[in-house]
Amino acid sequence: MGKINLVVIIDDDPIYVFGLQKLIEIDNFASEVKTFINGKESLEYIENSFKESLNLPDVILLDINMPVMNGWEFLDLINPLSKLYSKKLNIYVVSSSVSDEDRTRALSFSIVKDYLIKPITLESLEKIRSKIE
């Protein structure tokens, strides 16, 4: 299996993000990783990438609970926009919440491919890779 070109991590926990970046590096999972601490920053990045015909992310790893714009607000805004993109967005909600309600809500968005419980493991990355390729 080849590498995924671009992964976007949207999470406000710097320790978790650092660990996840290291795991992605160890697994040789992606050529490039971009990180954002809230949904607003990442939404602006994705919209600008689309407008400027830059690469859209192959995988987005989205936390639910963040300041400024949380994961739910991000999904509410990106879901209709994603229909404009020629490239399909693959969003994985990654949360410490084991709530069935959160899982059901996340999976109700057509662009959400799965709901994963933190922390992400090598097995989780392989599961994502197998769905993308």
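The values are calculated or read from the model by the stated rules, or taken from the named source; none is laboratory data. For clarity, every value in this text was computed on a predicted model and none was experimentally measured. Neighbour counts are summed over all protein chains in view; Cβ atoms, including those assigned to glycine, are modelled from backbone coordinates with ideal geometry.
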Q: Pairs only if they're at least six apart or on different chains, beta carbon under 8 angstrom, first in region 1-16 and over 11 Å from L61 (Cβ atoms) and part of a strand (DSSP E or B), second modelled with pLDDT of 95 or more and of a type in the set (K, R); list them, first residue then second.
A: L6/K34
Q.
Can you tell me which residue is farthest from K88 (Cα to Cα) among those in region 17-32 that are buried (at least 19 other Cβ atoms within 10 Å of the Cβ) and in contact (Cβ under 8 Å) with a residue 40 or more places away in the chain?
A. L20
Q. For region 55-99, what are the residues that are hydroxyl-bearing (S, T, Y), over 17 Å from I24 (Cα atoms), in contact with a strand residue (DSSP E or B) (Cβ under 8 Å, 6 or more places away or on another chain) and not in a loop (DSSP other than H, G, I, E, B)?
A. S95
Q) Of everything in region 33-65 that's at pLDDT 95 or above and among the charged types (D, E, K, R), which residue is surrounded by the most Cβ atoms within 10 Å (Cβ to Cβ)? A) D63
Q) Which residue out of E32, E101, E41, E73 is more than 15 Å from the chain's Cα centre (by Cα) and either acidic (D, E) or within 17 Å of P119 (Cβ to Cβ) (or both)? A) E101
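Residues being small (G, A, S) and either assigned to a helix (DSSP H, G or I) or farther than 22 Å from Y45 by Cα (or both): count how many of those fall in region 17-35. Spell out how you get there, then give the answer.
Initially, region 17-35 is screened for residues small (G, A, S), giving 19, 30-31.
Now narrow it down to the ones that are either assigned to a helix (DSSP H, G or I) or farther than 22 Å from Y45 by Cα (or both): 19.
Summing the residues that are small (G, A, S) and either assigned to a helix (DSSP H, G or I) or farther than 22 Å from Y45 by Cα (or both) in region 17-35 gives 1.
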